[in-house]
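In what follows, a structure is listed as structure tokens, so that the remarks can point back to it.
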Amino acid sequence: MFSYKPPKNLRALFIAHYAPLLLIIMIGPITALYDIWQIPLSKILTILTGLTIFFIGTYIYFKWEIFWYKTFKGQLVTNGIFSYIRHPHYTSLIIIGFGLALFFYSLFALVIAIVAIPIIIWSIIDEEKHLIKQYGKEYLEFMKKTPWRLIPKIY
């Protein structure tokens, strides 16, 4: 079997969807250090909610990562978590970003997490064009069978 490697023009976009998460990790702690850009909600409740959301996102990420590592050999993967959503990796990044923004109690990081959504959607749309070229009808059938890109019954 062959190994899937994203085309070079996709790599920049692939890296771009990690940028908001890195910004959240860098900017989030500034809120705590300097008491700026704070979310105007209960601090302890926001931090605990953020921590919970972060762990959910991390669970989804590692569930995807382990499944992908054990299963992917160049073929189109449509079972496991992929039978519910087509892009669990992107889903996990969004969830982790929101969880960290809330954990850091940072309004600015929360804005970055919101801005990350269209960036990730753009990445998904671009990636799906390449997957259709690579897998053809098989991927189109997978899209019909699993219509949700990020969140079941929503998108």
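The values are calculated or read from the model by the stated rules, or taken from the named source; none is laboratory data. In this text, all values refer to a predicted model and were calculated from it rather than measured experimentally. No Cβ is skipped: glycine too gets one built from the backbone with ideal geometry, and neighbour counts run over all protein chains shown.
Observations, loosely collected:
- Qualifying positions in the range 57-84 - out of contact with any helix residue (DSSP H, G or I) (no Cβ under 6 Å at 6 or more places or on another chain) and aliphatic (A, V, I, L, M): Ile66
- Residue check, Thr58 over 16 Å from Ile124 (Cβ atoms) and of a type in the set (S, T, N, Q): yes
- Scanning the range 102-134 for residues that are over 22 Å from Ile25 (Cβ atoms) and either surrounded by fewer than 16 Cβ atoms within 10 Å (Cβ to Cβ) or charged (D, E, K, R) (or both) turns up Ile125, Asp126, Glu127, Glu128, Lys129, His130, Ile132, Lys133, Gln134.
- Test: residue in the range 69-86 that is in a helix (DSSP H, G or I), free of Cβ contacts under 8 Å to residues at least 12 places away in the same chain, more than 16 Å from Pro152 (Cβ to Cβ) and not β-branched (Val, Ile, Thr): yes
- Any hit, the range 43-61, residues being modelled with pLDDT under 95, farther than 22 Å from Ile25 by Cβ and either surrounded by 14 or more Cβ atoms within 10 Å (Cβ to Cβ) or within 18 Å of the chain's Cα centre (by Cα) (or both): no
- Residue match in the range 31-42 (condition: of a type in the set (A, V, I, L, M), surrounded by 15 or more Cβ atoms within 10 Å (Cβ to Cβ) and outside any helix (DSSP H, G or I)): yes
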